[in-house]
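Here is the structure we will look at.
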Amino acid sequence: MRRLDMPKINFKSHYEKCVEGKQEPVRSNLLGCISFLVGKNKKYRAYAKNSSLYRLQKTDPSHIAPAKKNQLKQLYEERMAREGAPGKKIYDRIMTAARACPYCGHGTLFTLDHYLPKGISHFPELSIAPLNLIPACRDCNSNKHVHVPTREEEQYIHPYFEDVDGHNWLAASTHYSTVDELTVTYAVSDTLTDPVLKSRIKKQFKDLKLNYIYSAQAATELVPTYTLLKQRHEDGGVPNVVEYLREQERFRSELSKNDWRAVFYRALLADSRVHAMRWKL
Ligand SMILES: [Zn+2]
């Protein structure tokens with residue numbers, strides 16, 4: 001759940017560019033509703049700023065007929081996402097503005113996810129709206145699926161409008177098997193005091209299977225960590241192990257204090273069995 005810089009793209013000229021070159025009468029039909037769409041984009045921005053996109057109304061068929069809704073939805077695939085399409089430069093610009101998927105903070109970027117879905121029964125008028133397009137990894141795009149929040153608590157954290165890194169929202173804990181094998185699991189921290197924010201983060205954490213993703217990463221990270229800590233322990237005992245863990249925690253927190261690696265090292269730091277190397281892989 002990482003913050004991203006908002007794309008600075010003029011919706012009206014982007015829309016006109018995407019519609020230009022369409023066959024008549026579709027072209028005129030789509031250009032005819034431009035004022036309505038600009039207004040809808042302004043509303044989207046205003047609601048998103050207040051974390052209340054769940055209140056954005058779907059467009060009534062009296063404003064945009066179902067046939068036109070389908071044309072609007074198709075603009076994304078045909079005029080923006082496709083290689084050589086007039087909006088592809090904007091597509092690429094939005095994609096390359098992130099280093100990793102902002103929903104999970106980990107996955108490799110794969111596509112642009114529609115924060116509010118573009119299906120004709122949802123928000124086709126936002127199908128190419130830059131503020132509704134979030135660079136995302138394949139897993140998050142697929143796990144998020146068609147998500148239309150109807151309550152404040154159901155909203156995903158919007159990467160262009162919200163920053164939750166001021167909170168330590170991610171926590172990890174260590175566990176041991178009967179033969180001292182260590183595993184690390186993740187959860188949303190109990191220290192979050194705002195109940196709405198807590199529900200939102202919990203929903204996103206569960207939907208996107210973040211415990212599974214982070215725990216799998218931690219299991220891999222434990223392998224080199226074990227070798228390194230064993231050496232540190234042999235060289236200088238517990239203080240040497242703790243020093244290494246502190247260093248890693250500080251270094252990983254620079255990117256984000258909720259980065260799964262930062263939280264991983266924080267969990268190891270809090271566990272005296274780890275310091276004394278009373279654990280196995
Ligand atoms: Zn992701």
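Tabulated data
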| item | result |
| --- | --- |
| Subset tally (residues that are surrounded by fewer than 17 Cβ atoms within 10 Å (Cβ to Cβ) and at negative phi) for region 177-210 | 17 |
| Leading residue by the ranking (farthest from the ligand (Cβ to nearest atom)) among those in region 113-144 that are without any contact (Cβ under 8 Å) to a residue 40 or more places away in the chain and not small (Gly, Ala, Ser) | Pro117 |
| Any hit, region 259-275, residues being of a type in the set (Asp, Glu), closer than 24 Å to Ala98 by Cα, at pLDDT 95 or above and surrounded by 15 or more Cβ atoms within 10 Å (Cβ to Cβ) | yes |
| Residue in region 63-104 that is nearest to the ligand (Cβ to nearest atom), counting only those that are over 27 Å from Leu208 (Cα atoms) and of a type in the set (Lys, Arg) | Lys88 |
| Test: Ala216 is without any contact (Cβ under 8 Å) to a residue 24 or more places away in the chain, touching a Ser or Thr at 6+ places or on another chain (Cβ under 6 Å) and in a helix (DSSP H, G or I) | no |
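For every residue, the table says whether it meets (1) of a type in the set (Lys, Arg); (2) under 26 Å from the mean Cα position of the chain (by Cα).
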position	(1), (2)
Arg45	yes, yes
Ala48	no, yes
Tyr54	no, yes
Gln57	no, yes
Pro61	no, no
Ile64	no, no
Lys73	yes, yes
Tyr76	no, yes
Arg82	yes, yes
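The values are calculated or read from the model by the stated rules, or taken from the named source; none is laboratory data. Nothing here was measured: the structure is a model prediction, and the numbers come from that model. Note that we place each Cβ from the backbone using ideal geometry, even for glycine, and neighbour counts take in every protein chain shown.
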